[in-house]
Each structure stands twice: as C-alpha cells, then as structure tokens.
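The structure under discussion appears below in the form of structure tokens.
Laboratory data are not the source of any read-out in this text; all were calculated from the coordinates shown. The model shown is predicted, which means the values in this text are computed figures rather than measured ones. Neighbour counts are summed over all protein chains in view; Cβ atoms, including those assigned to glycine, are modelled from backbone coordinates with ideal geometry.
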Amino acid sequence: MQRLDDVQAREVTLAAVGAINRRDHPWSIEAVRCLASEERTRMVAIDTCAAVLLRGVPRGSLDPSVRIPISVPATPGEETRAQAVEVASEVLSGLACGDDGRVVVALGVLGEEQRFDALLVLVRAAAAWIDTYVGIDGDTVDAYYAIAKAETT
C-alpha cells in the first residue's frame with residue numbers, strides 16, 4: 001500500500017476491521033502492517049479502533065486507575081501475543097481516562113513488530129465488538145470492499 005493521509009488511514013483501518021468480519025485475515029494483516037509502519041497512521045488507526053471500542057464512553061471520563069480488558073480470539077494458525085494484548089489494553093485504558101502520557105509510555109517501549117501486534121489486537125477487538133453487538137457494520141464492510149477491489153483492479 002502507498003503512503004496514507006489521515007482520511008485514508010481511517011478508511012484502511014475500517015477496511016481492516018471489515019476484512020476480519022468477512023474472514024479475509026491475510027488482507028487485514030497486510031493492511032494493519034501498512035498502518036503500523038508510520039507513527040501518524042498508527043495513531044489514526046488506534047484512534048479509529050478506540051472510537052469503536054469506547055463507543056458511549058466519553059474520553060477522559062474514567063478514573064485513571066481503570067483498566068479496560070481486551071480479549072481477542074487468535075486467528076487459526078496464529079497466537080495472539082500476551083504482551084500485545086496488555087499494551088492494547090493499556091492504550092485503550094489511557095484513551096478512556098484521557099491520559100495521553102499513559103498511551104505514549106505503553107507504545108514507547110515497543111519495537112516495530114510489537115507495535116504491529118498491538119495494533120492488530122485493537123483491530124481484531126474492534127471487529128469482535130462489531131460482530132458481537134452490531135452483527136456486521138456496513139461502514140467497515142463497505143470500506144473493505146472498496147479498498148480491496150481497488151487494489152485488485
């Protein structure tokens with residue numbers, strides 16, 4: 001994928017979520033790898049996933065001691081790394097509490113592959129949330145089909 005602006009990064013994030021809901025895990029992984037490659041696109045993707053996962057929770061409204069757990073089923077043939085789940089939970093908790101420093105610290109200690117893993121956990125958690133509470137979300141599926149089709153033509 002090419003270098004993305006913020007709007008494109010948001011659309012690719014939604015498409016990655018939609019790809020998981022459509023069981024196209026290889027495409028989702030490639031999209032997340034692209035998003036994780038730059039700090040700006042990674043932050044847009046994190047913010048987009050947080051918007052799904054924290055729906056109805058105003059940012060900064062929770063006590064700083066709150067920890068939001070994340071549980072994500074592993075994709076067949078791949079195990080979710082425990083550290084990535086912990087970091088994703090810390091990032092989401094920091095955003096919910098309005099503690100940007102907490103988010104920076106959580107992401108700051110990670111290497112490139114670990115950042116990818118943490119972002120993949122957030123994308124999968126967002127897909128699971130949508131699958132559980134909405135069934136299927138038209139925006140994410142539409143984004144997936146629009147971007148996946150454009151890449152193949």
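Tabulated results
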item: Helices (runs of 4 or more DSSP H) completely within the range 20-124 that count 3 or more residues being touching a residue at least 60 places away in the same chain (Cβ under 8 Å); result: 25-36, 39-53
item: Filtered residues of the range 87-105 (kept if buried (at least 16 other Cβ atoms within 10 Å of the Cβ) and over 23 Å from residue 56 (Cβ atoms)); result: 87
item: Given (1) part of a loop (DSSP other than H, G, I, E, B); (2) in contact with a Ser or Thr (Cβ under 7 Å, 6 or more places away or on another chain); (3) closer than 19 Å to residue 106 by Cβ, index of the condition residue 13 fails; result: (1)
item: Qualifying residue in the range 33-45 (condition: exposed (fewer than 15 other Cβ atoms within 10 Å of the Cβ), touching an Asp or Glu at 6+ places or on another chain (Cβ under 9 Å) and closer than 14 Å to residue 119 by Cα); result: yes
